[in-house]
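Asks: One structure coming up, written as structure tokens, with questions to follow.
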Amino acid sequence: MPAEIISEQVRRTVQRMLLAVQEYSLFCWEAVRSFWRQPHYWADTLIQSDLIGVGSVPIVVLTGFFTGGVLALQSAASLAQFGAQAYTGRFVSLSMFRELAPVLTGLMVSGRNASGMASELGSMVVTEQIDAMRALGTDPIKKLVAPRVFATVIALFLLTIVADTLGTAGGATVAVFLSHQNGNQYFNSAYQALVPADMIQGLTKPLFFGFIISTVGCFFGMKTTGGTQGVGRATTQAVVVSSVMIIFTDFLLSRVMLWLFPPV
Amino acid sequence: MDTMSQPVPESPPAEPAVDPVVFEHVSMAFNGPPVLEDVSFRLGPHETRILLGPAGVGKSVLLKLANGLLRPDSGRIFLFGEEITRMSEEKLLALRIRTGMVFQEGALFDSLTIRDNVGYQLIEQHLPDEVIDKRVRRALRFVELEHTFDMLPSSLSGGMRRRVAIARAIIAKPELLLYDSPTGGLDPVTSHTINELIVKERDVYHTPAILVTHRLQDAFTMATNVFSEATNQMEPLPTGQTHADTTFLVLREGKLVFDGSIRELIHSPDPFLQSFLA
Ligand SMILES: Nc1ncnc2c1ncn2[C@@H]1O[C@H](COP(=O)(O)OP(=O)(O)OP(=O)(O)O)[C@@H](O)[C@H]1O
Ligand SMILES: [Mg+2]
């Protein structure tokens, strides 16, 4: 019976997904737990911070600047209709701080580093380097995963601030040079718009996103099977899953923030 | 001898000798038919056991079970007298530090130099750089690859990588060695060099070992040669003699079908063993 076959298929898929979620949660728990246990690999953490943080600065600068710019471009016209052009700065900075800087930075870093982690760890799995590490008495979670998680969380936090700043600057550039607005007015409205609730929201999100990027990247890398092809598959899955999770978590966090800090 | 200045605890000969590896009724399956079924054997102190069997029979799996890289479905495994079957990974890591393993494909860390690969365990112990350098050079000299010190694994040949893997496994003076097909896919000359290294490790340091090999020739070489420190070479034992502590295990379709000396192996009437030896 086709209906039965389909329901069986659905059951299996759901089962497999639940199993993966359970595995992932355990993996995250192990990663977090390893922060509190010796030994700590600070040198590896530093290398990863450089790779993830410093390495991502150019793309984050470009993304931030042009996103701010396009926000100013799009909003200027519609705000002008209501004679509200003076609010361009406010619109740009609010959008950047609350949503776009964390999410876009997260997606950029996910594309760059979740894939990198998955392919690096995946190659190590298929060439038995992870087993070799365990055979030499090193816990790969401590040596490979924990430094990446720590570095990504810190790096994403800082990169988001970079994106916030560059976004506001990009908006200013467009407002002043293309829409011929007053620069002072722009920055004033941008600055005044930001209340602590927005800051908290904007700076909490990257902490979650950084955790998602690194744990998903490492998780798919560590459970790679099936040779080189498996590494490719793990890489793609890591980027897809971490991107979707970032956007979904963004929604949840925004909801929670609205509930914690109701708009006055 | 000045015995007073020596701290007493860590003097191995004083302890009653435990068998480094014991398998008791071990079974193991991945998603499918069992790979190993009811495997029992023990590796005595100072013993070398050579594990033979057709490709895909589960030799690598058995080796990974021995140091807890894999966990059996049933049965019990003891490493240095401690049951590791359900031991936490954290405790296992501490036990594994006392073992050395040579993987089938070498499994060198491809982003680290040969120095950092070989010295991995010493770096983990935060020894001073000069000490690490010195000991790495000594280990590399043991495998005759001192000139590769600063190279990356990718610029080495297969046989060289295998020898570096041996250097990495022996540098911290392990109490147990696990060799997975150290001569697999190598030419006879390189194989001979590697066999000699393994025999040297066996006869000079008396490290107990389990060695997987496809090449019957290598297995016989191990059993009929001894390392002479005088000439720094492997030398054949007088005809008819075999190395007493080198014995054989044969796996067939997941079962251990042979456990004994080379003489028993050669004279076994079992048709499978005969065809395997042929
Ligand atoms: N991680 C794994 N997942 C699933 N199956 C595995 C895994 N490792 C080994 N196997 C299966 O176990 C069986 C034994 O594999 P193993 O690598 O131990 O063989 P082997 O005796 O070492 O072979 P070879 O002589 O070719 O090295 C094979 O059928 C293999 O498919
Ligand atoms: Mg094998």
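Asks: Give me the distance between the Cα centres of region B:93-122 and region B:184-198, rounded to whole Å.
Replies: Taking the Cα centre of each part, region B:93-122 and region B:184-198 sit 20 Å apart.
Asks: What ranking of B:H126, B:H25, B:H214 comes out by heavy-atom accessible area, probe 1.4 Å, highest first?
Replies: Correct descending sequence by accessible area is B:H126, B:H25, B:H214.
Asks: Given the C-alpha centroids of region A:80-139 and region A:33-64, what is the distance between them in whole angstrom?
Replies: Taking the Cα centre of region A:33-64 as reference, the centre of region A:80-139 is 12 Å away.
Asks: Please arrange A:H40, B:H243 by accessible surface area, largest first, computed with a 1.4 Å probe and ligands excluded. Before the final figure, lay out each step's value.
Replies: On the way: A:H40 65, B:H243 35 Å².
Correct descending sequence by accessible area is A:H40, B:H243.
Asks: Counting just the Cα atoms, what span does region B:126-167 cover along each of its three principal axes? Round to the nearest Å and put the largest first.
Replies: Projected onto the principal axes, the Cα atoms of region B:126-167 cover 30, 18, 16 Å.
Asks: Still on this model: Mean separation of Cα pairs under 8 Å and 6+ residues apart, divided by the residue count of chain A: what relative contact order is that in percent? Don't skip to the answer; put the middle values down first.
Replies: Working: 368 pairs, mean separation 83.4, N = 264.
RCO, chain A: 32 percent.
Asks: Would you work out if chain B is rounded, prolate or oblate? Take a ≥ b ≥ c from the square roots of the eigenvalues of the alpha-carbon gyration tensor; rounded if a/c is under 1.5, else prolate when a/b is larger than b/c, oblate otherwise.
Replies: rounded
Asks: Give me P(r) over region A:2-260, computed from all C-alpha to C-alpha distances, binned every 10 Å, as integer percentages.
Replies: Once binned at 10 Å, the Cα pair distances of region A:2-260 give 7, 26, 28, 19, 12, 6, 1.
Asks: How would region A:163-228 be classified by its alpha-carbon gyration tensor: rounded, prolate or oblate, with rounded meaning a/c under 1.5 and the a/b versus b/c comparison settling the rest?
Replies: Working: a/c = 8.18, a/b = 2.38, b/c = 3.43.
Since a/c reaches 1.5 but b/c is at least a/b, the shape of region A:163-228 is classed as oblate.
Asks: Mean residue ellipticity at 222 nm from the helices of the protein assembly as shown, using -39,500 (n - 2.57) per DSSP H segment of n ≥ 4 over the full residue count, to the nearest 500 deg cm²/dmol?
Replies: -17500 deg cm²/dmol
Asks: Just by accessible area at a 1.4 angstrom probe, what is the order of A:L79, A:L121 from largest to smallest?
Replies: In descending accessible area the options line up as A:L79, A:L121.
Asks: For the peptides A:3-10, B:60-67, what is the packing order when you average, over each peptide's residues, the other Cβ atoms within 10 Å and list the highest mean first?
Replies: The most tightly packed comes first, giving B:60-67, A:3-10.
Asks: If you don't mind, another one. Sorted from largest down, give the three principal axis spans of the alpha carbons of region B:180-251, whole angstrom values.
Replies: 31, 24, 24
Asks: So which GluC sites (Glu not before Pro) in region B:216-278 pass both tests, a DSSP loop state and at most 11 other Cβ atoms within 10 Å of the Cβ?
Replies: Taking region B:216-278 and a limit of 11 other Cβ atoms within 10 Å, the loop GluC sites (Glu not before Pro) found are B:E229.
Asks: Still on this structure: If you average the sequence gap of Cα pairs under 8 Å that are 6 or more apart and divide by the length of chain B, what percent do you get for the contact order?
Replies: On the way: 478 pairs, mean separation 62.0, N = 278.
Averaging sequence separation for qualifying contacts and normalising by length gives 22 percent for chain B.
Asks: Tell me the accessible surface of B:D133 in square angstrom (1.4 angstrom probe, heavy atoms of protein chains only), to the nearest ten.
Replies: 50 Å²
Asks: What average number of partner chain Cβ atoms lie no more than 10 Å from the Cβ of the residues making up B:164-174? Don't skip to the answer; put the middle values down first.
Replies: Values: counts 0, 1, 0, 0, 3, 3, 0, 0, 2, 0, 0.
Rounded to a whole number, the mean comes out at 1.
Asks: What whole-number distance in Å separates the alpha-carbon centres of region A:194-261 and region B:237-278?
Replies: Using only Cα atoms, the two centres lie 56 Å from each other.
Asks: How much length is gained if the chain between B:E144 and B:Q233 is pulled fully straight, taking 0.36 nm per residue apart and subtracting their Cα-Cα distance, in nm to one decimal?
Replies: Contour length minus Cα-Cα distance gives 30.7 nm.
Asks: Chain A: longest stretch without exposed chymotrypsin sites (Phe, Trp or Tyr not before Pro) (DSSP loop, at most 15 other Cβ within 10 Å), sites themselves excluded? It would help to have the intermediate numbers written out before the result.
Replies: Working: sites that count: A:F35, A:W36, A:F82.
Value returned for the longest uninterrupted segment is A:83-264.
Asks: Distance check, please: which entries in A:K143/A:K205; A:K143/B:K134; A:K143/B:K173; B:K59/B:K91; A:K142/B:K200; A:K142/B:K134 exceed 31 angstrom between their Cα atoms?
Replies: A:K142/B:K200
Asks: May I ask for the net charge around B:L79, where only other residues with Cβ less than 13 Å from the Cβ of B:L79 are counted and Lys, Arg are +1 while Asp, Glu are -1?
Replies: Net charge around B:L79: +3.
Asks: So if I average 1/r over every pair of distinct C-alpha atoms in the protein assembly as shown and take the inverse, what Kirkwood radius in Å does that give?
Replies: 27.1 Å
Asks: Right, next: Enumerate by residue number the GluC sites (Glu not before Pro) in region B:117-166 meeting two conditions: DSSP loop (anything except H, G, I, E, B), and at most 15 other Cβ atoms within 10 Å of the site's Cβ.
Replies: B:E144
Asks: What's the angle, to the nearest 10 degrees (0 to 90), between helix A:196-222's Cα axis and the longest principal axis of chain A?
Replies: 30 degrees
Asks: Determine, from the Cβ-Cβ distance of B:Q274 and B:A55 and an R0 of 22 Å, the FRET efficiency 1/(1 + (r/R0)^6), rounded to the nearest 0.05.
Replies: It comes out at approximately 0.70.
Asks: Classify region A:1-105 as rounded, prolate or oblate from the Cα gyration tensor: take a ≥ b ≥ c as the square roots of its eigenvalues, call it rounded if a/c is under 1.5, otherwise prolate when a/b beats b/c and oblate if not.
Replies: In terms of gyration-tensor shape, oblate.
Asks: To the nearest whole number, what is the average tally of beta carbon atoms from other chains within 10 Å of the beta carbons of peptide B:103-112?
Replies: Across B:103-112, the average partner-chain Cβ count within 10 Å equals 4.
Asks: Where both residues lie in the protein assembly as shown, what percent of DSSP beta bridges are antiparallel, nearest 5?
Replies: 60 percent
The values are calculated or read from the model by the stated rules, or taken from the named source; none is laboratory data. Nothing here was measured: the structure is a model prediction, and the numbers come from that model. We place every Cβ from the backbone using ideal geometry, glycine too, and count neighbours over all the protein chains shown. We work out accessible area using only protein heavy atoms, side chains counted, and drop any ligands, DNA or RNA first. Shrake-Rupley method; radii C 1.70, N 1.55, O 1.52, S 1.80 Å.
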